[in-house]
Amino acid sequence: MNNFFDMKMLSSGKNEAFARNAVATFSLICSPTVEEINDLKTAVSEAVTNAVVHAYKEDGGIIELLCEVDESDRSITVSVTDFGCGISNVDEAREPFFTTRPEDERSGMGFTIIETFTDEMTVRSKTGEGTTVTMKKVFK
């Protein structure tokens, strides 16, 4: 059985740093480089920030973070799930510069950044039920 942790937190920007640092610390099991840890932290930060900004109209929703380390292939898989409004068109949302909040000067680069800093990324979403972003990082 792979080592894992599962936690829930309030959808608040205050928890983004905690989430990325918890995942980074947990990844140490695989002896990643500093650069690999920074890549992972950036990807987790983007996924959590997307959930905070887009899933709920205001603070108060729940974000679930599931993290699993596979020591056999030196990888970590992280899923960030919200139970908010969902994404009506995932393909459109994954396009660079697409944002539903232009008035907040959002760059629309969250998914692009996650894809850049991880080896795999999937997005599952259902309108009115929430979104799960799953990313995998393999440490060289």
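The values are calculated or read from the model by the stated rules, or taken from the named source; none is laboratory data. Keep in mind it's a predicted model, so treat the numbers as computed, not measured. FYI the Cβ positions are ideal-geometry reconstructions off the backbone, even for glycines, and counts take in every protein chain you see.
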Here the residues within the range 51-76 that are free of Cβ contacts under 8 Å to residues at least 60 places away in the same chain, under 18 Å from residue 114 (Cβ atoms) and in contact with a Leu (Cβ under 9 Å, 6 or more places away or on another chain) are 63
Qualifying positions in the range 108-130 - among the hydroxyl-bearing types (Ser, Thr, Tyr) and not in a loop (DSSP other than H, G, I, E, B): 112, 116, 122, 125
So, restricting to strands (runs of 3 or more DSSP E) that lie completely within the range 1-97, which ones have at least 1 residues that are among the small types (Gly, Ala, Ser), modelled with pLDDT of 95 or more and closer than 17 Å to residue 129 by Cα? 75-82
Selection from the range 57-91 of residues that are of a type in the set (Lys, Arg) and surrounded by fewer than 16 Cβ atoms within 10 Å (Cβ to Cβ): 57
